[in-house]
1. Extent of the stretch B:262-411 along each principal axis, from alpha carbon coordinates, in Å, largest to smallest?
2. Any idea what the relative contact order of the stretch B:1-71 is, in percent, if you count C-alpha pairs under 8 Å spaced at least 6 apart?
3. Counting only C-alpha contacts under 8 Å and six or more residues apart, can you give the relative contact order of the stretch B:78-223 as a whole percent?
4. Which ordering of A:GLU82, B:GLU276 is given by a fewest-first count of other beta-carbon atoms within 10 Å?
5. Roughly how compact is the stretch B:217-266, stated as its Cα Rg over 2.2 N^0.38 Å to two decimals?
6. Return one quarter of the surface area of the convex hull spanned by the alpha-carbon atoms of chain B, equal to its mean projected area, in nm².
7. Among B:64-71, B:32-39, B:431-438, B:223-230, what's the highest-first ranking by average C-beta atoms within 10 angstrom per residue?
8. What distance in nm separates the two pseudo spin-label positions at A:ARG86 and B:LYS18, each 7 Å out from Cα along the beta-carbon direction?
Amino acid sequence: MKITVSQIEHMAHLARLSFNPSEIEDFSKQLNDILGYIGKLEELDTSRVAPATHALEFTNAFRRDEVKPSLPVEKTLSNAPERERRGFVVPKII
Amino acid sequence: MQNLIDLSIHELCGLLGKREISAVEVTRAYLDRIGEVDPKIRAYLTVTADQALMQAEEADKRLKKACDVTPLTGIPLGIKDVICTKGVKTTCASKILENFVPPYNATVMERLEAHGAVMLGKLNMDEFAMGSSTENSAFHPTRNPWDLERIPGGSSGGSAASVAARTCAGSLGSDTGGSIRQPASHCGVVGMKPTYGMVSRFGLVAFASSLDQIGPISRDVTDCALLLNAISGHDTRDSTSVPGEVPDYTGFLMPGLKDYTLGIPREYFISGLDPEVERAVRHAVSALESHGARLVEVSLPHTEYAVAAYYIIAPAEASSNLSRYDGVKYGFRASGYKNLMDMYKKTRSQGFGPEVKRRIMIGTYSLSAGYYDAYYRKASQIRTLITQDFKKAFEQCDVIAAPVAPTPAFRLGEKAGDPLQMYLSDIFTIPVNLAGIPGISVPCGLSSSGLPIGIQLIAEHFEEAKLLTAAYNLELALGRREDWPIP
């Protein structure tokens with residue numbers, strides 16, 4: 001199944017990535033090669049095989065709902081590209 | 001006095017314990033060595049000289065008082081730059097985290113600190129652990145100490161190269177599809193990926209959460225066991241961490257394989273395997289036989305589908321894990337954006353390298369509506385079949401022996417233009433991650449052009465003991481390396 005330019009553009013938007021036309025052309029070829037290779041999985045009949053959701057059979061690891069220490073605000077903001085008082089500054093959304 | 005950098009961790013530990021040398025002397029020797037050799041190898045992204053000397057002084061205090069001393073006290077180690085180190089830049093070899101300083105330590109770092117180990121610095125890797133050559137580092141490639149024109153392997157290329165170049169006594173890497181075992185093989189050192197869940201992933205920057213594991217890279221099998229002791233164990237902060245006691249792995253370093261059966265998978269010895277690699281691996285298998293192991297042929301029939309399944313599952317998980325890099329709370333943020341969407345797209349497009357973007361795109365595609373069943377679900381079913389293959393094979397043997405990589409280290413730039421070619425070279429290591437079982441790469445020879453070749457030993461879940469015993473016996477049979485490369 002060959003991937004089209006408009007499909008690539010749609011995936012890029014979903015992944016919050018943008019590409020220039022020459023990058024799209026390179027990706028198009030590489031992705032088609034890779035997806036072509038991956039297509040060999042179609043050879044196998046897996047209709048009666050359960051998908052592996054986890055490497056090992058463990059059930060949920062819960063803990064008690066108790067408040068524990070977490071990162072202080074200053075530390076949380078220490079890598080902020082842009083900050084103001086106790087918050088991260090971001091472009092206006094609404 | 002023997003050159004300090006030539007000693008293994010267990011040899012250093014003996015001398016430190018007897019106070020014949022000090023931790024500060026050892027760290028100084030390594031810092032000098034880094035200054036001398038790393039400009040050619042470029043394994044390090046960050047060298048933490050001042051902090052290392054302070055840690056060494058603390059270690060000397062412990063050693064003097066003979067209090068809180070462990071085999072790693074005062075031992076200088078390198079850490080792959082995918083592991084969060086509090087107060088020390090952690091970049092994942094990516095521009096998007098170029099100046100990121102974690103405000104916390106990964107669990108493995110807390111454990112090493114508690115053991116009194118010294119951190120020399122952070123080691124180069126393929127960006128976000130995506131790659132098999134370290135050529136995908138956003139900063140610079142690392143060179144193989146055995147031949148500077150060749151790759152050290154990847155993604156833990158810096159971790160393996162630094163051990164081989166003796167610019168650290170041992171290191172930590174991470175392995176998602178072979179990223180510890182393959183560079184260890186290419187650099188002629190020991191590298192182990194533990195059972196999934198044995199080592200906490202808290203503080204390991206996530207690539208593919210169901211596959212990632214941190215593991216040791218070392219000069220010999222004894223050092224590997226010592227590092228494994230220090231980093232393994234349950235962690236409540238990693239919900240995939242397995243509960244249970246960690247044995248003392250050094251207890252399994254015993255001669256003799258009398259009751260061992262070694263499985264040789266027929267699907268792994270196929271055309272495309274370099275004849276010198278095959279010869280070295282078979283030679284190692286004979287060596288294990290001479291130590292008492294019985295040989296049996298086993299079959300792993302779904303091997304040929306493993307790479308395809310992995311290159312759906314890993315990118316899918318990566319596309320989800322890497323969605324957090326959005327320029328909002330940490331990391332690089334682009335300038336000149338018009339609105340939020342523009343900020344996201346510019347930040348991520350400028351911050352990520354081409355391989356990372358390629359994998360995010362593959363992952364996004366295989367998870368998107370209409371394709372999920374054909375790709376991700378299918379790959380997950382293949383994963384079940386591969387896990388079942390190993391389970392059946394282990395009914396007939398204790399440990400499986402296999403090559404690590406189809407060829408010795410290739411030249412820098414040789415495969416960079418063809419991503420699919422690069423992916424296919426992971427054929428022997430990937431199935432182990434898909435099944436979540438442990439694997440170790442042990443040096444077993446050199447090619448005719450002097451490049452290291454490793455053999456991979458694989459065992460069932462939680463059977464690190466069997467791996468270490470087999471690996472130890474291989475080392476006894478073939479001899480520990482004395483001839484390190486002079487880069």
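Just so you know, all these numbers are worked out from the coordinates, no wet-lab data involved. Because the structure is predicted, anything quoted here is derived from the model rather than measured. Counting neighbours? That spans all protein chains shown, and the Cβs are built from the backbone with ideal geometry, glycine included.
1. In descending order, the Cα extents are 69, 37, 27 Å.
2. On the way: 36 pairs, mean separation 28.9, N = 71.
That works out to 41 percent.
3. On the way: 379 pairs, mean separation 33.2, N = 146.
Relative contact order comes out at 23 percent.
4. Taking fewest neighbouring Cβ atoms as first place, the list is A:GLU82, B:GLU276.
5. On the way: Rg = 14.6 Å, N = 50, 2.2 N^0.38 = 9.7 Å.
For the stretch B:217-266, the normalised Cα radius of gyration comes out at 1.50.
6. Details: hull surface 87.4 nm².
Directional mean of the projected Cα hull area for chain B stands at 21.8 nm².
7. On the way: B:64-71: 13.9, B:32-39: 16.4, B:431-438: 27.9, B:223-230: 26.4.
The most tightly packed comes first, giving B:431-438, B:223-230, B:32-39, B:64-71.
8. Going from the A:ARG86 label point to the B:LYS18 one covers 5.9 nm.
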